[in-house]
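The values are calculated or read from the model by the stated rules, or taken from the named source; none is laboratory data. A quick note: this is a predicted structure, and the numbers were derived from the prediction, not measured. So basically every Cβ, Gly included, is an ideal-geometry build from the backbone, and we count neighbours across all protein chains shown. Areas reflect the complete protein model, heavy atoms only, side chains present, ligands, DNA and RNA absent. Shrake-Rupley method; radii C 1.70, N 1.55, O 1.52, S 1.80 Å.
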Amino acid sequence: TRHMITMSSEHPADRLTLRQDRSRYETDEPVLYAVADGIASVTLNRPQYGNAQNSQMTYALDAAFRQAVDDDAVRVIVLRGAGKHFNAGHDIGTPGQDLDKPFDRVQLWWDHSNKPGAEAGFAREQEIYIGMCRRWHELPKPTIAMVQGGCIAGGLMLAWVCDLIIAADDAFFQDPVVRMGVPGVEYFAHAQELNPRIAKEFLFLGERMPARRAYMMGMVNRVVPRERLEAETLAIATRIAQQPRMGLALTKQVLN
């Protein structure tokens with residue numbers, strides 16, 4: 001629960017609601033980074049929570065992508081999740097949930113942590129959800145999402161910003177947030193990733209979409225046996241890594 005502190009003011013309209021951060025991180029490495037043979041592996045590393053995204057993870061992920069872009073030895077980036085699931089979405093209940101924690105911001109939005117009410121939530125979402133996803137979508141190097149298990153709600157955002165999605169046969173995709181009264185995750189790519197009628201079904205019902213159906217819809221590039229997921233993904237990444245860097249960057253830019 002959040003601890004709310006209200007500052008006194010002569011004018012009620014001038015009151016600011018300040019939030020005290022009480023998050024407790026279970027790891028200092030929410031994202032792992034490794035490079036081999038021109039491929040950067042960026043691994044979401046909160047497996048005990050289904051790799052749920054808190055701000056600590058989001059900023060670490062942004063730093064990992066920056067490192068991969070800055071390294072001329074890296075030609076392709078593979079985004080993956082440790083453990084059973086690729087990503088269970090945004091962190092809405094672990095001890096590491098850090099909604100109220102100030103961070104060194106990378107977008108040109110103001111600090112959310114000292115703002116009242118809806119302004120705080122709106123600024124935070126512009127910074128770490130929409131803003132981050134737009135940055136990652138525009139990376140000049142090819143990105144591949146390697147998806148196993150659940151890819152749910154905010155996890156869709158991470159997969160969708162990647163250029164390719166390779167899914168295990170046990171993968172499923174789901175956006176159940178309409179039941180929370182909102183129309184889908186913040187990086188709203190549903191109507192680009194799916195036929196609009198299928199996107200409506202996906203959101204209205206909030207049901208799991210198995211990897212095979214996601215493939216039929218064109219949302220996934222390949223579906224492979226779970227035990228072959230890493231090998232197949234790295235084989236595709238290796239082939240892409242042999243292409244000219246400038247050619248890949250130009251191709252990605254014009255398609256985006």
TODO: Just tell me which aspartates and glutamates come within less than 19 Å, Cα to Cα, of Lys200; anything on the same chain fewer than 8 places away is out.
DONE: Asp175, Glu186
- [ ] For every helix of n ≥ 4 consecutive DSSP H residues, a contribution of -39,500 (n - 2.57) applies; sum these over the chain, divide by its total residues, and give [θ] at 222 nm rounded to the nearest 500 deg cm²/dmol.
- [x] -9000 deg cm²/dmol
Open item on the list: If the reach is capped at under 16 angstrom between alpha carbons, list the aspartates and glutamates near Lys141, excluding any in the same chain fewer than eight residues apart.
Closed with: Asp37, Asp62, Asp70, Asp71, Asp72, Asp163
Task: Percent breakdown of C-alpha pair distances by 5 Å bin, ordered from the shortest bin, for segment 139-225 - done: 3, 15, 28, 28, 16, 7, 2, 0
Open item on the list: Quick check: residue separation of Asp72 and Leu32 times 0.36 nm, minus the Cα distance between them. What number comes out in nm?
Closed with: 12.5 nm
TODO: In debye, nearest 20, what is the charge dipole magnitude of segment 36-174 about its Cα centre with +1 on Lys and Arg Cβ and -1 on Asp and Glu Cβ, if you could check?
DONE: 100 debye
Open item on the list: Quick check: Cα centre of segment 120-167 to Cα centre of segment 175-230, how many Å?
Closed with: 13 Å
Open item on the list: Tell me the net charge near Arg226. Cut-off is 12 Å between Cβ atoms, Arg226 excluded, with +1 for each Lys or Arg and -1 for each Asp or Glu.
Closed with: -3
TODO: Assuming a ≥ b ≥ c are the square roots of the Cα gyration tensor eigenvalues, decide whether the chain counts as rounded (a/c under 1.5), prolate (otherwise, with a/b larger than b/c) or oblate.
DONE: prolate
- [ ] Tally up the carbon and sulfur contribution to the accessible surface of segment 111-181 as a whole percent, 1.4 Å probe, everything protein left in place.
- [x] 57 percent
Open item on the list: Given Cβ point charges of +1 (Lys, Arg) and -1 (Asp, Glu) and nothing else, what value in debye, to the nearest 20, does the dipole of segment 131-256 about its Cα centre take?
Closed with: 240 debye
Task: segment 18-69 - charge dipole about Cα centre, Lys and Arg +1 at Cβ, Asp and Glu -1, debye rounded to 20 - done: 260 debye
- [ ] Could you tell me which of rounded, prolate or oblate describes segment 110-256, using a ≥ b ≥ c as the square roots of the eigenvalues of the alpha-carbon gyration tensor, with rounded for a/c under 1.5 and, failing that, prolate when a/b is larger than b/c and oblate otherwise?
- [x] oblate
Task: Rounded if a/c under 1.5, otherwise prolate or oblate - segment 135-190, Cα gyration tensor axes - done: oblate
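Just want to confirm a number: the relative contact order over the chain, from Cα pairs under 8 angstrom separated by 6+ residues, in percent.
17 percent
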